[in-house]
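The values are calculated or read from the model by the stated rules, or taken from the named source; none is laboratory data. In this text, all values refer to a predicted model and were calculated from it rather than measured experimentally. As a convention, Cβ positions derive from the backbone with ideal geometry for all residues, glycine included, and neighbour counts pool all protein chains shown.
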Amino acid sequence: MSPSVGLSAAVSYRNAARHVAIIMDGNGRWAKARGLPRTFGHRAGVQALKRTVEAADHLGIAWLTVFGFSTENWSRPPQEVSELMRLLKSYVETDLHRLEREGVRVHVIGERTGLAPDILEIIHRAESRTRHNERRHLQIAFNYGGRADIVAAARRFADAVASGRLAPGDCDETTFGRFLSTSEAPPPDLIVRTSGEQRLSNFLLWDAAYAELVFQDILWPDYGAEALKAALAEYAGRDRRFGGVEVHDVLAAG
Ligand code: FPP
C-alpha cells in the first residue's frame, strides 16, 4: 500500500465514527435534582434517546448502540424495573413505524431469558419489521451484560464443538466473535458515557477493545444533538493507533 493511500484511509477512518455506543447515565440524578421520582428521569431519558437517534441519523452515524437495561439493573426496585420495561415497549410502539420508514434496522442484544412475553414480542416485532433496512442501525442493549455475552458465546462455541460443526482449534478472535450477540455490528469506534461517571459498567467488553472513550459531564435526559456533536469532535481529535504507531510517524520515518 502506498503511503498516500494509507494516510487518506487512516485520516478518514480517524475522523468519522461509524459506530457510536452510549451509556445513557444520569436519569436518576436528573430526577432527584428536580424533586421527582427516578422513573421521571427515565421517561425524560426516552425523549433524549429520540433526540439522539435523530441527531445520529443527521450526522451520518451508521450504527448507534444504547445501553437500555443491564443484567445488573434487575437489582433496582421492582417499580423502577417495570417502568424501564414499559418504556422500551412504548418507545418501540411509538417510534417503530418511523424507524422502519427511515431505513433504520433495529437490533436488540442481551439475554432474552427472563424477559416477559410482551417484551419478547415487542423485541421480535422491532427486529422483524426492520430486518430489510440497511441505511442505519439502532442496536439496543437490553438485559445485556458484557461478561454474560462472552459466557453465552463460549457456551455456543462449545456446543458447536460438541456437535462436530467446529474443532477446538477453530477458536480464534474472528470465529469466537461470531458467537457474540454483537456479531452483526462493527466494533464501536466511540463509546460515550454521560453523567460524569468514568467506567464501562460491563458494556460491550469484547467489542470495546479499541474504542475511544468519551465521558461527558451531562445527565442523559439533557442529551441531544449538541452533546453528540461535542463527543464526535473530541473523537475526531484522537489518534487511533490500534496498538501500532501513529500514521504520521510512519510517514516521517520514511
Ligand atoms: C442510567 O441512569 C440509565 C438507565 C439504567 C436506563 C436507561 C434507560 C433509558 C434512557 C430509558 C429508555 C430506554 C430504552 C431502552 C427505550 P441511572 O438511573 O443509573 O441514573 P443515576 O446514576 O443518576 O441514578
Query raised in the report: Residues of segment 37-54 being of a type in the set (D, E, K, R), within 12 Å of the ligand (Cβ to nearest atom) and closer than 16 Å to LEU138 by Cα, which ones?
Result: LYS50, ARG51
Query raised in the report: Got at least one residue in segment 55-77 being part of a helix (DSSP H, G or I), modelled with pLDDT of 95 or more, crowded, with 22+ Cβ neighbours inside 10 Å and more than 7 Å from the ligand (Cβ to nearest atom)?
Result: yes
Requested in this report: Answer yes if at least one residue in segment 232-244 is in contact (Cβ under 8 Å) with a residue 24 or more places away in the chain, in contact with a Leu (Cβ under 7 Å, 6 or more places away or on another chain) and either within 30 Å of ASN73 (Cβ to Cβ) or of a type in the set (Ser, Thr, Tyr) (or both), and no otherwise.
Outcome: yes
Requested in this report: Hey, could you check segment 140-151 for residues that are within 14 Å of the chain's Cα centre (by Cα) and more than 11 Å from the ligand (Cβ to nearest atom) and say which is farthest from THR175 (Cα to Cα)?
Outcome: GLY145
Query raised in the report: Residues of segment 184-235 being in contact with a His (Cβ under 8 Å, 6 or more places away or on another chain) and not aliphatic (A, V, I, L, M), which ones?
Result: GLU184, PRO186, PRO187, PRO188, ASP189
Query raised in the report: Just checking, how many residues over segment 234-246 are within 16 Å of ARG18 (Cβ to Cβ) and hydrophobic (A, V, I, L, M, F, W, C)?
Result: 2
Report task. Evaluate segment 123-133: report whether one residue or more is over 18 Å from the mean Cα position of the chain (by Cα), within 30 Å of HIS97 (Cα to Cα), exposed (fewer than 13 other Cβ atoms within 10 Å of the Cβ) and within 16 Å of the ligand (Cβ to nearest atom). Result -> yes
Requested in this report: Give ALA148, ALA153, ALA141, ALA126 a once-over and let me know the one that is of a type in the set (A, V, I, L, M, F, W, C), within 27 Å of ILE191 (Cα to Cα) and in contact with an Asp or Glu (Cβ under 8 Å, 6 or more places away or on another chain).
Outcome: ALA148
Query raised in the report: Quick one: which of LEU96, LEU49, LEU115 is part of a loop (DSSP other than H, G, I, E, B), in contact (Cβ under 8 Å) with a residue 24 or more places away in the chain and among the aliphatic types (A, V, I, L, M)?
Result: LEU115
Query raised in the report: Is it true that some residue in segment 172-181 is assigned to a loop (DSSP other than H, G, I, E, B) and within 16 Å of the ligand (Cβ to nearest atom)?
Result: yes
Report task. Would you check which residues across segment 86-99 are surrounded by fewer than 17 Cβ atoms within 10 Å (Cβ to Cβ) and more than 9 Å from the ligand (Cβ to nearest atom) and list them? Result -> ARG86, GLU93, THR94, HIS97, ARG98
Report task. Considering (1) under 16 Å from the mean Cα position of the chain (by Cα); (2) assigned to a loop (DSSP other than H, G, I, E, B); (3) aliphatic (A, V, I, L, M), say which one ILE218 fails and leave the rest. Result -> (1)
